[in-house]
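Remarks on the structure that follows.
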Amino acid sequence: MVEHLFIISIILFAAGSLFALCFYRWQMLGNYISLILAAIASCFNIAIATSVLFNHSAIRFNFLLYHAIIKYSFLIDSLSAIFILAISVVSFIASIYSLGYTKLYVNKRDTRFLGFNFNFFLLSMILVVTANNALVFMIVWELMTLVSFFLVIFEYENPLNRKAGFVYLFMSYICAVFISVAFFIMFSYVKTWTFDFDSFRYAGDVMPAICKNIVFFLVLIGFGIKAGIFPLHLWLPLAHPAAPGNVSMVMSGVMIKTAIYGFIRFYFEFLTPCPPWWGVIILIIGAASAILGILYALMEKDIKTLLAYSSVENIGIILIAIGLSMIFKSYNLMALSSLAMVAGLYHVLNHAVFKSLLFGCAGNIYYSTHTKNIEQLGGLIKRLQITAPLFLVGALAISAIPPLNGFMSEWLVFQSLLNGSNIPSVIVKVLTAICGATVALTGALVATCFVKAFGISFLALPRSEHAQHAKEVPVIMYVSMGLLAGLCVFMGLFPVKIMMTVNHASTELLGVNIAKAITSYDWLQTKTLQTNFSEISPQSATVFGLMFLAITVGAMTLINPGFTKKLYETWTCGISPEPRFGYTATAFSKPFRIIFSNLYRPRLEIKTTYSVPKYFVKSIMYISEITPIFEKYFYAPLSRYVLSISNKVRWIHTGSVHMYLVYIFITLLISMLAIRW
């Protein structure tokens with residue numbers, strides 16, 4: 001039955017792509033049919049994922065072509081099901097959201113192209129996390145890259161979008177090269193000479209340590225590029241803002257999580273057992289990505305770029321949990337390893353929900369104002385009266401404010417870090433403590449960043465004509481975002497339901513079931529556990545918080561029973577309030593630009609224009625920028641070096657077909673000798 005649902009979902013996605021192309025004169029009709037089919041296919045995939053997770057049984061099936069010469073092998077186990085669930089929920093809501101968002105392009109561009117690629121994009125992500133063969137994995141991985149590239153450059157007339165697409169495509173192909181080399185190295189140690197993942201699961205036992213270390217770094221770089229870890233994040237803050245709003249919420253919400261899926265498959269199945277220092281490297285990279293991601297997000301004026309850098313920060317949080325799980329496992333602390341894995345997978349789901357909500361609300365803002373620049377917004381809380389509270393829910397969730405979902409997964413990550421004291425190595429103990437402090441600082445900076453994002457965008461007075469004339473978006477757009485906001489609340493108030501589901505995947509990977517420890521987070525349970533897991537109930541905390549608020553309000557009323565609320569205009573020294581009096585995004589982030597000046601390396605330029613030379617000032621322009629240190633000191637020298645080497649080897653391009661045939665012959669000869677050796 002599940003196999004049939006999977007096949008039907010593939011057919012529906014393919015049909016949706018074709019329908020988008022069929023209606024030439026009625027493009028919007030074809031696009032609506034395409035998006036509805038994508039939503040239905042996503043519902044089927046949600047059913048598949050929940051069936052596997054609750055029945056605790058993996059589903060295997062193969063498609064054979066040309067008498068089994070080409071074998072397409074797929075596996076849906078608990079780990080795949082977690083990612084299918086995240087992808088499908090976001091895909092369903094993004095498809096519904098797109099029904100309204102695509103009206104933005106009516107009579108402006110060909111929407112058939114958008115619907116065609118959007119369906120294949122959603123399908124490719126599902127196939128990536130279900131592929132059970134290295135060749136199949138690389139085929140669908142490249143399909144995902146290609147169709148997402150076309151979506152990034154959908155508004156191709158903008159040169160910045162074309163640049164973003166080129167950088168994304170270039171980085172993605174580098175990513176594919178590293179992953180392919182890792183697969184080929186593992187293939188060389190498979191006795192059955194097959195690319196099936198089932199054979200790869202035993203290759204780690206026979207691989208020499210040096211080869212396993214090489215594969216570890218290849219996978220780290222390959223999947224790290226797609227995940228956007230520092231300093232391999234170059235494409236992410238360019239591509240996500242360039243893509244249409246409905247595509248951005250899918251790319252940031254779930255596409256980058258396919259890299260997390262790859263990390264877990266390799267490090268917990270293919271390359272086991274792993275040494276402790278692997279986990280330490282992942283932990284350090286995760287902590288660096290978390291803190292640097294949010295620091296760069298704080299400086300951004302483009303709301304979608306801000307959210308893109310925030311995704312780097314959240315990927316860092318997930319990698320911290322994965323790194324801790326690897327470290328605990330290497331020291332045979334399996335219960336703690338499972339706790340960290342549950343924390344990481346829980347945050348995968350949480351981030352998929354609240355980041356899709358935030359990108360969707362950013363799309364609402366762009367739909368209404370036609371700008372993504374926070375400096376040109378303001379006063380939207382009175383104009384986008386439904387989008388504003390939805391964005392606030394997402395901002396609170398990503399800031400880990402209880403009782404929303406972001407709090408619980410980050411709390412579990414903190415629990416994992418605090419339990420680092422159980423690790424025998426003193427150095428690793430100190431490192432986990434430092435990472436704990438880093439995560440705490442990151443949490444404070446995230447809250448600050450989204451105070452800026454919400455406050456500057458929605459409060460005060462409109463600072464441009466765009467914001468002044470903003471109107472609420474179509475109903476379907478804010479209703480779909482309301483579903484995501486509801487999930488943020490549900491997943492925060494009832495975390496046990498989510499953690500028990502995630503625990504199935506953790507148990508399958510690590511062989512340890514911590515279900516009894518997880519149930520301690522349920523309603524008002526306070527029993528002591530044999531483990532060191534601290535207990536907290538979000539429902540209890542919410543009830544006690546509301547009780548405390550009611551008691552406080554009641555006490556204040558008793559103390560001052562005659563209190564009445566009076567409303568006045570904001571005092572601005574006797575002058576009527578003007579938009580230019582409000583706080584700007586640049587002013588808000590200036591203290592952090594000063595504190596972290598060694599990282600930002602800010603540059604200030606002042607241009608003064610005079611109406612009468614040297615006497616009467618006509619205008620003063622302040623240009624404040626930060627130095628992109630990774631681009632300037634890492635990518636720029638690297639690109640110059642590559643171009644220099646390329647110029648030196650240009651002599652091999654003779655233009656002679658005979659010489660090229662000689663090159664091919666020499667390559668074949670070397671390959672044959674290498675295989676024989």
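Read the figures in this text as sums done on the coordinates, not as results from a lab. Small disclaimer: the values here were computed from a predicted structure and weren't measured. Please note: Cβ atoms are built from the backbone with ideal geometry, for glycine as well, and neighbour counts cover all protein chains shown.
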Inset, instruction - Starting from the coordinates of the alpha-carbon atoms of region 164-315, obtain the Kirkwood hydrodynamic radius over all distinct pairs and give the value in Å to one decimal. - result: 16.2 Å
Legend entry - R60 paired with S576, simple spin-label distance in nm, labels 7 Å along Cα-to-beta-carbon: 7.6 nm
Inset, instruction - List every residue whose amide H lies under 5 Å from the amide H of F61, counting only residues 5 or more places away in sequence or on a different chain, with H placed 1.01 Å from N in the peptide plane. - result: F74
Legend entry - Exposure proxy ranking, count of Cβ atoms within 10 Å, fewest first, for I87, I606: I606, I87
Inset, instruction - Output the peptides 334-340, 100-106 sorted from most to least packed, where packing is the average of other Cβ atoms within 10 Å over each peptide's residues. - result: 334-340, 100-106
Inset, instruction - Report, by chain and number, residues whose modeled amide H sits under 5 Å from the one on R383, excluding near sequence neighbours (fewer than 5 apart, same chain). - result: none
Legend entry - ³J(HN,Hα), Karplus 6.51/-1.76/1.60, whole Hz, each residue of region 231-247, x for Gly, Pro: x, 9, 8, 3, 6, 5, x, 8, 6, 4, x, 6, 6, x, x, 5, 7
Legend entry - Square roots of 5 times each gyration tensor eigenvalue, C-alpha, the chain, largest first, Å: 41, 33, 27
Inset, instruction - Kindly provide the helix-only [θ] at 222 nm of the chain, computed as the sum of -39,500 (n - 2.57) over DSSP H runs of four or more divided by all residues, to the nearest 500 deg cm²/dmol? - result: -22000 deg cm²/dmol
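Could you give the Stokes-Einstein D for region 69-207 in µm² per second, using the C-alpha Kirkwood radius, 10 °C, 1.306 mPa s? It would help to have the intermediate numbers written out before the result.
Details: Rh = 17.1 Å.
The Stokes-Einstein estimate is 93 µm²/s.
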Inset, instruction - Name the long-range amide H neighbours of D302: under 5 Å, sequence gap of 5 or more, or other chain; modelled H, no Pro or chain starts. - result: I374
Inset, instruction - Identify the residues of region 390-428 with backbone N under 18 Å of a label point that sits 7 angstrom from the Cα of A550 along the Cα-to-Cβ direction, or state none. - result: 403
Inset, instruction - Give the Rg (one decimal place) followed by the Dmax (whole number) of region 570-673, computed from C-alpha coordinates and expressed in Å. - result: 28.6, 88
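Apply 1/(1 + (r/R0)^6) to the Cβ-Cβ distance of R603 and L669, taking R0 = 60 Å, and write down the FRET efficiency to the nearest 0.05. Walk me through the numbers on the way to the answer.
Working: r = 55 Å, r/R0 = 0.92.
Working from the Cβ atoms, E equals 0.65.
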Legend entry - Estimated vicinal HN-Hα couplings, Hz - region 369-374 in sequence order (Karplus 6.51, -1.76, 1.60; Gly, Pro = x): 10, 6, 8, 10, 7, 4
Legend entry - For region 490-497, 3J(HN,Hα) per residue [Karplus equation, 6.51 cos²θ - 1.76 cosθ + 1.60, θ = phi - 60°, Hz, x = Gly/Pro]: 4, 5, x, 7, 10, x, 4, 4
Legend entry - Which of S425, S646, S80, S289 has the fewest Cβ neighbours within 10 Å, and the rest in rising order: S646, S425, S80, S289
Inset, instruction - Provide, in order from the shortest bin, the percent of all Cα-Cα pairs of region 129-214 in each 10 Å bin, continuing until the bin that contains the maximum pair distance. - result: 16, 36, 25, 15, 7, 0
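Just order 390-402, 587-599 by mean Cβ neighbour count inside 10 Å, highest at the front, would you? The partial results should precede the final answer.
Values: 390-402: 23.3, 587-599: 14.6.
Packing order, densest peptide first, comes out as 390-402, 587-599.
What Kirkwood hydrodynamic radius, in Å, does region 273-595 give when the mean of 1/r is taken over all pairs of distinct Cα atoms and then inverted?
Kirkwood hydrodynamic radius for region 273-595: 21.3 Å.
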Legend entry - Along each principal axis, Cα extent of region 631-676, largest first, Å: 43, 30, 11
